[in-house]
Amino acid sequence: MGATDSISKSVDISVEKIGGIDRTSVSFDAGVTILTGRNATNRTSLLQSVMAGLGSDDVSLKGDADEGHVELTVGDETYRRTLERKNGTVVTGGDPYLENSEIADLFVFLLESNEARRAVERTENLRDLIMRPVDTAAIEEEIEDLQAERDELEQRLDDLQSLRHTLPDLEERRTELEDEIEEKREALEEKKEQIEDADQDVGTTRDQKAELEESLEEFRDARSDLEDTRYNLESERDSISALESEIETVEAELTELPSAVSGDVTEVEDHIERLRDQRQALDSTVNELQKVIQFNEEMLDGTSSDVVAALRGGDDAEQVTDRLVDDQVVCWTCGSEVDQSDVETTLDRIRDLRQEKLSERQDLQSEIDDLKTEKATYQEQKRQRSQLRDRLSRAESELERRRERVDDLEAERDRLEERIDDLESEVEELQDETQSDLLDLHREANELEFEISRLQDDYESVSEEIEHIESELDRRDELKAEREELQGEIEDLRTRIDRIETEAVEQFNDHMESVLSILGYENLERIWIERKQERVKEGRRRVEKSVFDLHVVRSTDDGTTYEDSIDHLSESEREVTGLIFALAGYLTHDVYETCPFLLLDSIEAIDSNRIARLVDYVSEYAEYVVVALLEEDAQALDDAYERVTEV
């Protein structure tokens, strides 16, 4: 479903057993909706419920529940999502708003643990995060396919250029053949006249003449058969020569292919399977760590106040809520009171560990992709080897058949030559000197007829070739247009990744400049991303790849500017930078076309006036902005914004 489908439509959400929510229903309209209240009032849980309805799996069941559900209604369309605890794991089902929530998890659901927000704080590779939704492998594969098509067209155009140069020679050859045919026909007419004159001069009886004619006719037929046999023999020998050349070429191509190792593909497949198992184990670890993080966040937020109450010895929920604002919290593992900062420090270490596991998973995925390419290479070599062997087998079989045909034709030729010798002897016995001359005339006439037939065949062959070349040359403009179109598609694909990277950097820098201007941080002049090329490790290779470097520029009281470290950003500045980075991804990938929502939580590190200006700013880009705020922070926002005070 796209954003355009949801314009001006209200949103209703019904929740049961999600996060800290037992059961609730909430409605809101397009625009900014503020979830306001004290801590431990399930604001984050409601945001998680919206995430679940939209399609995210990064949500949790209520601690005492085995199943829960969310119904999200946008206008007239209702989307239902179920969560069920099975073997210690929460399994999701149903029909969510989004078919795939990966891009929304990165750039829409901007809760505290959101990866895009935290990436800035941890100074991770921002480029990899922005480009994650782009299937670069599919783009490269498409480029290779288009290049193959383009190369084939270029080969055809090169062939046409070569043919174009041969056209004048072929036309000259056709003219020569026309002249030769005409000369041979004139010579044949003269021979026929000579035969007729010689035939009238023969002084033999009618029976003798008939016998002679019969012998001459048989002689002519034999001569014609002999010429046909010689021609066929020559053609077969030419074919044998071509086949021998083809066999030599195929054998050379087979030799050039890497030696076939039967276990190559199997070994790579086994390796891929092992890596997938490792990736699956990492996925499980990451999911478990995320559950630990979510649980601890809920405990710190007070959304699992029933657990805290039990640990505190039965205090009611209101007392628990009041005590959450203290610096002391109950340790939910041992029940003692500890400093909240100690718990948060431990939680940060767990988050760092989860991020390390995510990086390990990314490295594993890169190695799996490399192995898939290696496997495809082995399979392609196997396919080529099989094709060449089939081609070689066919050529060898055809060569054997042609050689047998040559043996048969040579035998036929020898038989005809012997037959002609016998016929010549027979005719000579029937002729006197004049008749011998007549035999020679018949032989010459027969040879002329055969030569004319051969010349006509050559003429037709040359004419057909000229017509074919002219027809192909007429398609040059069409082929050139096809080639240019393919080249355009290739260039478009090659620059698509660059365009996305460039657009993401421009979006971030433009938004950050605007936001810093309206937020007015003292001595913070600029935060910007520089896109540059570096050689980085990708799987087992080192490749040239874009890297996004984040720069911070500050100024002194006297107006001097200098570059500062990202580590020196205040918590408020880091939060704003992370939010703007996520917003840049939201706009670069046109996320609003498929998900017109933007969810914000845990932005208390920014003072309330700046929160108000920031919310005003982001509301221009998303149709539904839902933000969770404390009551004192919410007071600074526009009174016209819709507020939800009870969850």
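Every read-out reported here was derived from the displayed coordinates using simple, explicitly stated rules and does not represent laboratory data. Since the model is a prediction, treat every value here as computed from it, not as a measurement. Cβ atoms come from the backbone with ideal geometry, glycine included; neighbour counts cover every protein chain shown.
Summing -39500 (n - 2.57) over the DSSP H runs of n ≥ 4 in the chain and dividing by its residue number, what mean residue ellipticity at 222 nm do you reach, to the nearest 500 deg cm²/dmol? Don't skip to the answer; put the middle values down first.
Working: 15 runs with 410 residues, N = 647.
So the helix-based figure for the chain works out to -22500 deg cm²/dmol.
Taking 0.36 nm per intervening residue step and subtracting the Cα-Cα distance, what contour gain separates residue 474 from residue 391 on full extension? Numbers along the way, then the final one.
Numbers: separation 83, 0.36 × 83 = 29.88 nm, distance 3.28 nm.
Length gained, residue 474 through residue 391: 26.6 nm.
Taking a ≥ b ≥ c as the square roots of the eigenvalues of the Cα gyration tensor of the chain, is the shape rounded (a/c under 1.5), prolate (a/b larger than b/c) or oblate? Before the final figure, lay out each step's value.
Details: a/c = 4.00, a/b = 3.34, b/c = 1.20.
Note, shape of the chain comes out prolate.
Round to the nearest 0.05 the FRET efficiency obtained for residue 565 and residue 380 when R0 = 41 Å and r is the Cβ-Cβ distance.
Working: r = 49 Å, r/R0 = 1.19.
It comes to 0.25.
Name the residue farthest towards the positive end of the dipole of the chain from the options 24, 459, 69, assuming +1 on Cβ of Lys and Arg, -1 on Cβ of Asp and Glu, about the Cα centre.
24
Rounded, prolate or oblate, given the Cα gyration tensor of the stretch 488-647, with a/c below 1.5 counting as rounded?
Numbers: a/c = 2.33, a/b = 1.36, b/c = 1.71.
It comes out oblate by the Cα gyration axes.
Under 1.5 on a/c is rounded, so check that first for the stretch 532-627, then, if it is not, pick prolate when a/b is larger than b/c and oblate when it is not; a ≥ b ≥ c are the square roots of the alpha carbon gyration tensor eigenvalues.
On the way: a/c = 2.44, a/b = 1.14, b/c = 2.14.
Oblate shape, in that a/c is at least 1.5 and b/c is the bigger or equal ratio.
Could you give the length gained on full extension between residue 496 and residue 484, defined as 0.36 nm per residue of separation minus the Cα-Cα distance, in nm?
Details: separation 12, 0.36 × 12 = 4.32 nm, distance 1.79 nm.
Taking residue 496 through residue 484 to full extension adds about 2.5 nm, to one decimal.
Taking neighbour Cβ counts within 10 Å as the exposure measure, how do 545, 191, 62 sort from fewest upward? Could you put the intermediate results ahead of the total?
Details: 545 15, 191 19, 62 23.
Starting with the residue having the fewest Cβ neighbours, the order is 545, 191, 62.
Want the number for residue 189 to residue 608: 0.36 nm per residue separation, take away the alpha-carbon distance, what's left? Before the final figure, lay out each step's value.
Values: separation 419, 0.36 × 419 = 150.84 nm, distance 11.37 nm.
Separation in residues times 0.36 nm, less the Cα-Cα distance, equals 139.5 nm.
Specify the angular offset, from 0 to 90 degrees and rounded to the nearest 10, of the alpha carbon long axis of helix 571-588 from the longest principal axis of the alpha carbons in the chain.
Tilt relative to the chain: about 30 degrees.
Amide H of residue 642: which non-local residues (sequence gap of 5 or more, or other chain) have their own amide H closer than 5 Å, using H built in the peptide plane?
Close amide H contacts, sequence-distant or interchain: 32, 34.
Using Cα-Cα distances under 8 Å and only pairs 6 or more residues apart, what relative contact order does the chain have, in percent?
Details: 820 pairs, mean separation 176.3, N = 647.
Relative CO of the chain lands at 27 percent.
Give me the dipole magnitude in Debye, nearest 20, for the chain about the Cα centre, with unit charges on the beta carbon: positive for Lys and Arg, negative for Asp and Glu.
Numbers: 79 positive and 182 negative charges, 1386 e Å.
In total the dipole reaches around 6660 debye.
Please list, or write none, the lysines whose alpha carbon is within less than 28 Å of the alpha carbon of residue 372, excluding same-chain residues fewer than 8 places away.
357, 382, 537, 545
Using only the alpha-carbon atoms, how far is helix 43-54 inclined from the longest principal axis of the chain? Give it as 0 to 90 degrees, nearest 10.
20 degrees
Given 441, 210, 551, which one lies farthest toward the positive end of the charge dipole of the chain, if we put +1 on the Cβ of every Lys and Arg and -1 on the Cβ of every Asp and Glu?
Among 441, 210, 551, the one farthest towards the positive end of the dipole of the chain is 551.
What's the ranking of 551-564, 609-622, 84-97 by average number of surrounding C-beta atoms within 10 Å, highest first?
Result, highest mean first: 609-622, 84-97, 551-564.
Please rank 257, 157, 441, fewest neighbouring Cβ atoms within 10 Å first, as an exposure proxy.
Least to most surrounded, the residues fall as 257, 157, 441.
Say each of residue 135 and residue 64 gets a label point 7 Å from the Cα, pointing the same way as Cα to Cβ; how far apart are those two points in nm?
Each label point is offset 7 Å from its Cα along the Cβ direction, giving 4.6 nm.
Restricting the count to DSSP beta bridges whose residues both fall in the chain, what percent are antiparallel, rounded to a multiple of 5?
Values: 50 of 65 bridges.
So the antiparallel bridges amount to about 75 percent of the total.
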